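Asks: Before anything else, here's the structure in question.
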Amino acid sequence: MSQSENRDIRVARHYHDRTAHSSWSVRQGGHYLDWDVKPFLYKVYPDLPVIQLPRELPSLAGDALEALSGAPGALGDLTLEALAALLFFSAGITRKKTYPGGEEMHFRAAPSTGALYQTEVYVLAGAVRDLAAGVYHFCPGDFSLRRLRGGDFRQEAAQAAADPAIAGAPATVIVTAIYWRNTWKYQARGYRHLFWDSGTMLANLLATAAALSLPARLVTGFVDSRINHLVGLDPDKEASLELVPVGVEGAPASPAPSVEPIAPRIIPLSSSEQDYPLLRELHAASSLVDPDEVSQWRFATPLPGRGMPSGLLHLPGPRTRAGRDLSETILRRASTRQFAHVPISGEELSSVLFHATRGVAADFPSGLVDLYLIVNAVDGLPSGAYCYWPQAHGLELLKEGEFRGQAGYLCLEQALGFDASSVIFFLADLPSILPRYGNRGYRLANLEAGLIGGRSYLGAYAQGFGASGLTFYDSEVVSFFSPHAEGKDALFVTVLGRSVKGVPGTTVPIQISKS
Ligand SMILES: Cc1cc2nc3c(=O)[nH]c(=O)nc-3n(C[C@H](O)[C@H](O)[C@H](O)COP(=O)(O)O)c2cc1C
């Protein structure tokens, strides 16, 4: 048995501190983008036959906010059409834009740092109507599957994840990420992005499954090397991140055929690639090495609940329906590029916060990240800094005042933070999380931030306003919310507001300042 390093949590701490942004590190960084080696956005297997996915997709009828809240009603059958809808609304191309130089850019259903789309999707199919059992790669570029293995390998994934129910799920979606697609721009900090971006994609996937009345749940514990081997990826360049068994559980599959090595030819992403050992070291040190370790890891003692303060400010009751279905919500979603200085309502903010934080069916408990807010312009709420308490659906006022300047500054001096109606900062108590979950807890916390961020996007677009993910100055975010946030770490930011496009005649001044 190989030795797991998951318990040596100095690795995650070291990685986090080394990849923190400060105004000094950003100005001294010296990294330039080499456009000649910008990685190609699609993984292409030129020798594997193409299976076109159906383009007539089932509708995602039902309200988007209901789909966000999750629980499927009647239980649907996992057909090839339903699988195609799951893939399209989570990882498909939903928009194309041509830039003045003639370059055509393809945008996908879920947001992704820098539109670099390092998240790849595979499907382990066992009992999907109209699809032979096998392991497939999904290519959004031509909306197709390519078969990597024929046969029913569900038992292999079930054993690797110490999760027998996977053997009875009609299919399991396997989410991976190709490092270089993101590190080309973001260097070693890109490891954080693998989880933010797979989180936003999973937000869409889980909501789409709910809208299709298909059960789906998130599995984050598995023997990494076995899942990597199953999909035939090169572990120095790409990594399996999450599994999502989908569909009504049926009879368990028969024992899997032997999992022979495969190495299908792939078109190189660029003429040269740079390796970031810091990133690979953390991935290796957060890997689990055998099913026993997976089981023990999964049953880690949960974090103790935080003591709820008295005197919370109660938000207006969240809407249960937004009046827009999930397909329209996803098709309209695009990160807002400029916010108007007009408020959103208290009910709109309340609905985003409520629906984004109800938790998802997963093998880890929700609540690893805490939501801190700067409110710039929300009707009925004094401007200020707050901490959100999901159980009470209430806000703890930390300091009242105008913090637009600081909001813009903390978001890496980006105007989006200054202009937004509200900025949500995701912080986590890593000193408590890492001892429980090991280095893999670092993956979980970043993933939960991405999931809630992705669900916030959906909650905003369902209600007809906008959102964007943002990056930030790590320790300055914590200082801003301290002493309340003392000892925590900043993980991610999502901003909410109305786009200038929807509010004719508004332009906004840019005034970003540290204090
Ligand atoms: C995790 C995450 C971080 C992001 N960070 C930033 C950011 O710092 N600044 C920014 O302008 N956009 C940011 N974005 C928005 C992306 O640039 C955007 O998702 C991408 O260009 C794709 O466009 P779309 O969201 O409109 O489909 C972020 C998005 C995500 C999901």
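Throughout, read-outs are computed from the coordinates displayed, never taken from laboratory work. Just so it is clear, the structure is predicted and the values come from calculations on it, not from any experiment. FYI the Cβ positions are ideal-geometry reconstructions off the backbone, even for glycines, and counts take in every protein chain you see.
Asks: Place a +1 charge on the Cβ of each Lys and Arg in the range 33-296 and a -1 charge on the Cβ of each Asp and Glu, then give the dipole magnitude about the Cα centre in debye, rounded to the nearest 20. Please report the intermediate quantities before stating the final value.
Replies: Numbers: 21 positive and 30 negative charges, 121 e Å.
Its charge dipole is roughly 580 debye.
Asks: More than 16 angstrom separation, counting every C-alpha pair in the range 326-370; what % is that?
Replies: 65
Asks: Let's test the formula: R0 of 25 Å, r as the Cβ-Cβ distance of ARG332 and SER383. What FRET efficiency results, to the nearest 0.05?
Replies: For R0 = 25 Å, the calculated efficiency reads 0.30.
Asks: In addition: Rounded to the nearest 500, what is the 222 nm mean residue ellipticity of the chain from helices alone, with -39500 (n - 2.57) per DSSP H run of 4+ residues and division by all residues?
Replies: The helix-only estimate for the chain comes to -9000 deg cm²/dmol at 222 nm.
Asks: Work out the charge dipole of the chain with +1 on the Cβ of Lys and Arg and -1 on the Cβ of Asp and Glu about the Cα centre, then indicate which of ALA82, LEU288, TYR186 is farthest towards its positive end.
Replies: The residue sitting farthest along the positive end of the dipole is TYR186.
Asks: I've got another one for you. Give the peptides 81-92, 40-51, 415-426, 469-480 in descending order of average Cβ contacts within 10 Å, highest first.
Replies: 415-426, 81-92, 469-480, 40-51
Asks: Right, something else. Tell me the net charge near ARG440. Cut-off is 12 Å between Cβ atoms, ARG440 excluded, with +1 for each Lys or Arg and -1 for each Asp or Glu. Before the final figure, lay out the partial values.
Replies: Values: positive: ARG7, ARG298, ARG436, ARG443; negative: GLU5, ASP8, ASP224, GLU242, GLU293, ASP363.
Around ARG440, the surrounding residues sum to -2.
Asks: Quick check: net charge around GLU81, other residues with Cβ under 14 Å of its Cβ, Lys/Arg +1 and Asp/Glu -1?
Replies: Details: positive: ARG55, ARG129; negative: GLU56, ASP77, ASP130.
Spelling it out: positives minus negatives among the neighbours equals -1.
Asks: Determine, for the chain, the count of lysine pairs separated by eight or more sequence positions (or lying on different chains) whose alpha-carbon distance falls under 22 Å.
Replies: Value for the chain: 16.
Asks: Under 5 Å between amide H atoms, partner at least 5 residues away or on a different chain: which partners does GLU238 have, H built in plane at 1.01 Å?
Replies: TYR179
Asks: If I fit a long axis through the Cα atoms of helix 80-91 and take the longest principal axis of the Cα atoms of the chain, what angle between them do I get, 0 to 90°, rounded to 10?
Replies: Result, in degrees: 40.
Asks: Whole-Å semi-axes of the range 169-236's equivalent ellipsoid, largest first, each the root of 5 times a Cα gyration tensor eigenvalue?
Replies: Over the Cα atoms of the range 169-236, the semi-axes work out to 24, 17, 9 Å.
Asks: Next question, about the same structure. Could you size up the charge dipole of the chain around its Cα centre, putting +1 on the beta carbon of Lys and Arg and -1 on that of Asp and Glu, and report it in debye to the nearest 20?
Replies: The calculation lands at about 720 debye.
Asks: Considering amide H positions built from the backbone, and no H for Pro or chain starts, which residues 5 or more places from ASP325, or on another chain, come under 5 Å of its amide H?
Replies: Under 5 Å from the amide H of ASP325: ALA64.
Asks: Using the Kirkwood formula over every pair of different C-alpha atoms, what hydrodynamic radius in Å results for the range 33-296?
Replies: Taking every pair of different Cα atoms in the range 33-296, averaging 1/r and inverting gives 18.8 Å.
Asks: Another question, then. Could you tell me which of THR357, ALA256, LEU278 has its Cα farthest along the dipole of the range 251-362 towards the positive end, charges placed at Cβ (Lys, Arg +1; Asp, Glu -1), taken about the Cα centre?
Replies: Of the listed residues, the answer is THR357.
Asks: Show me, for the range 337-344, the HN-Hα J-couplings you get by feeding each phi into the Karplus relation (A = 6.51, B = -1.76, C = 1.60, θ = phi - 60°), rounded to Hz, glycine and proline as x.
Replies: These are the phi-based 3J(HN,Hα) values: 9, 8, 8, 8, 7, 10, x, 9 Hz.
Asks: What fraction, in whole percent, of alpha-carbon pairs in the range 244-325 exceed 19 Å separation?
Replies: Of all Cα-Cα pairs in the range 244-325, 80 percent lie more than 19 Å apart.
Asks: Any idea what angle helix 190-211 forms with the longest principal axis of the chain, computed on alpha-carbon atoms, 0 to 90 degrees, nearest 10?
Replies: Helix 190-211 sits roughly 80 degrees off the main axis of the chain.
Asks: Using every pair of alpha-carbon atoms in the range 313-502, split the distances into 10 Å bins beginning at 0 and state the percent of pairs per bin, rounded to integers.
Replies: 10, 39, 38, 12, 1
Asks: Determine Rg/Rh for the chain; Rg is computed over alpha-carbon atoms and Rh is the Kirkwood hydrodynamic estimate from the same atoms.
Replies: Details: Rg = 21.8 Å, Rh = 23.1 Å.
Rg divided by Rh gives 0.94.
Asks: Sticking to Cα atoms, compute the Rg of the range 43-193 to one decimal and its Dmax as the biggest Cα-Cα distance, whole number, in Å.
Replies: 16.9, 53
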